[in-house]
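Student: Take this structure first; my questions come after.
Bear in mind that the values in this text are calculations on the coordinates, not laboratory data. Remember, predicted model here, so these are calculated numbers, not experimental data. Counting neighbours? That spans all protein chains shown, and the Cβs are built from the backbone with ideal geometry, glycine included.
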Amino acid sequence: MKNKSKRKWLLTIFLVVSGYFVSLVQVHAQDKIQYSFDLGFTISYFDQKNAPYPTPELVDEFDKSSRTSFEIGGNAAYALSNALSLSSGLRYTERGGAYKTKNPDFVYVNQITGNQVDDAYNYLRYRLVYLEIPVLVKLDVFDVFNIEANDSKLRIFGGVSGMLNIGSKLRYNIFEGSSDADEKWEADKLDGAESLVLSWTGGVEWNGGPLIFYARYSKNLGDIYDITEPGFENFDVEMTTISFGMGINLN
């Protein structure tokens, strides 16, 4: 119950700040708003060493790994001053975590020489798909310290994101055949993912002319999975995501 109350409190704050941003867009002049589009890749991982699973003893030998995917989104930034801006938008982002263990029965071999080229691994990849609405405060370091940068901007930013879950699956691979591994992938839907997740976000972006390059770090606030659901008692995990990408200013 404590975690549920915390999420409701955080959600209230998020909705208030989001409403304030929308009111700024509606009331103030459009020439203070900068629109942009960006595309990047995400690297996500869970904090637990052992994979979250209904029966933990079945995945004892799996070691923590990361899951790499992508994100894409549109943004609107309202200039509060020359150095300070408030930003929001809508993003599609894929996150999650992964675990792996070496498969002793299979190896990858060169089809011509027959020599081993790599070990084979069994994977558990937890795929979480979100529609994200970030509310971020951005500060231009060049402007604050009066650094001449030929209209370039170096912004640091931080804030909160609300993420609506639109997909949750556990993907895993299966090896068939002889020692020359034939690898196939399957997926099971995980209905226990929380429908709304809040996270705090921080990062840095460089803006030069129409181009934007960014790096972000985010961590969830509250549960990723509903651990009160039957079968999800061992899914009490925290998720960290690092993302890198580039974008373009649209005005």
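Student: Using modelled backbone amide H atoms (1.01 Å from N, in-plane), which distant-in-sequence or interchain residues come within less than 5 Å of G89's amide H?
Tutor: Placed amide hydrogens put A76 under 5 Å from G89.
Student: While we're here: Take the cross-link list K49/K100; K49/K189; K64/K102; K64/K189 and give me the ones stretching past 19 Å between alpha-carbons.
Tutor: Values: K49/K100 11 Å; K49/K189 22 Å; K64/K102 12 Å; K64/K189 21 Å.
Those over the limit are K49/K189; K64/K189.
Student: Kindly identify segment 160-214 as rounded, prolate or oblate by the Cα gyration tensor criterion: order the square roots of the eigenvalues as a ≥ b ≥ c, call it rounded if a/c is under 1.5, otherwise compare a/b with b/c, prolate if a/b is larger, else oblate.
Tutor: On the way: a/c = 4.44, a/b = 1.67, b/c = 2.66.
Taking the square roots of the gyration eigenvalues as a ≥ b ≥ c, segment 160-214 is oblate.
Student: How big is D, in µm² s⁻¹, for segment 30-108 by Stokes-Einstein at 4 °C and 1.567 mPa s if Rh is the Kirkwood radius over C-alpha pairs? Present the calculation step by step, with values, prior to reporting the outcome.
Tutor: Working: Rh = 16.1 Å.
Rounded, D is 81 µm²/s.
Student: Still on this structure: In terms of Cα to Cα distance under 20 Å, which aspartates and glutamates are near enough to K32, apart from those fewer than 8 places away along the same chain?
Tutor: Counting by Cα, and skipping residues close in sequence, K32 has these aspartates and glutamates nearby: D140, D143, D151, E205.
Student: Quick check: from the Cα gyration tensor, does segment 158-251 come out rounded (a/c under 1.5), prolate or oblate? Kindly include the intermediate steps, with their values, before the conclusion.
Tutor: On the way: a/c = 2.96, a/b = 1.42, b/c = 2.09.
Since a/c reaches 1.5 but b/c is at least a/b, the shape of segment 158-251 is classed as oblate.
Student: Another one. Scan segment 32-80 for trypsin sites (Lys or Arg not before Pro) in coil per DSSP, keeping those whose Cβ has at most 15 other Cβ atoms within 10 Å, and list them by number. Don't skip to the end; give the middle numbers.
Tutor: Details: sites: K32, K49, K64, R67; in loops: K49.
Qualifying residues, ordered by number: K49.
Student: Sticking with this structure for a sec: Hey, got a sec? Which GluC sites (Glu not before Pro) in segment 33-104 land in a DSSP loop and have at most 16 other Cβ atoms within 10 Å? Show your work: numbers first, answer last.
Tutor: Values: sites: E57, E61, E71, E94; in loops: E61.
Within segment 33-104, the qualifying GluC sites (Glu not before Pro) (loop, at most 16 other Cβ atoms within 10 Å) are E61.
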